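S.K.: Below: one structure in structure tokens.
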Amino acid sequence: MTVEVVSAEAHVLSGEARELYARAVEGEIGILPGHAPALVALDVGPLRLTMADGTKERIAVHKGVLFVGDDGKVIVLADIAERAQDIDLERAKAKAQRAQERLSRGTDADLEARLVSLRKQQLRIQVASGTQVTHSG
């Protein structure tokens, strides 16, 4: 199946894939060739693909939509999308540490914004390192 991943800032990925997994707002979703047409709201989470040649791709997606057309083409339109190899892992770890520190001394008024910031950095770490990261909140 043809897959296109586009963010507000750039065209991130284009190619043929065997499978795609993403975090929808209602939970994990898997897309295989022949999937029924769909429109899915995406949460902050990893996009995992197995390409037609067997290679794996990991992309950090910070909200967006996933569309499966009548022709089976999959389009991901993301607010932010970053391929694993484009993420600066050390920078993401440092930002996650700062976000965690700010979260611990924040007020209720800015708690949500601090949690979102922390989740974004945790996602970058997860995608860049290929590991699972426990989310706070």
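The values are calculated or read from the model by the stated rules, or taken from the named source; none is laboratory data. Quick caveat: nothing in here was measured; it's all calculated off a predicted structure. Cβ sites come from the backbone with ideal geometry, for glycine too, and all protein chains shown count toward neighbours.
S.K.: Can we say residue 98 is closer than 14 Å to residue 127 by Cβ and outside any strand (DSSP E or B)?
M.R.: So residue 98 fails the test.
S.K.: Being touching a residue at least 12 places away in the same chain (Cβ under 8 Å), surrounded by 19 or more Cβ atoms within 10 Å (Cβ to Cβ), in contact with a His (Cβ under 6 Å, 6 or more places away or on another chain) and not in a loop (DSSP other than H, G, I, E, B) is the requirement here; does residue 5 meet it?
M.R.: No, not satisfied.
S.K.: Just checking, which of 50, 55 is surrounded by fewer than 16 Cβ atoms within 10 Å (Cβ to Cβ) and touching a strand residue (DSSP E or B) at 6+ places or on another chain (Cβ under 6 Å)?
M.R.: 50
S.K.: Another question, then. Determine the pairs where a residue that is surrounded by fewer than 16 Cβ atoms within 10 Å (Cβ to Cβ), located within the range 100-123, has a partner that is at pLDDT below 70 and of a type in the set (S, T, N, Q) with Cβ atoms under 9 Å apart, the partner being 6 or more residues away or on another chain.
M.R.: From the range 100-123, the pairs are 100/136.
S.K.: Something else now. So if I check each of 73, 93, which one is of a type in the set (Lys, Arg), out of contact with any strand residue (DSSP E or B) (no Cβ under 6 Å at 6 or more places or on another chain) and either surrounded by 12 or more Cβ atoms within 10 Å (Cβ to Cβ) or over 30 Å from residue 38 (Cβ atoms) (or both)?
M.R.: 93
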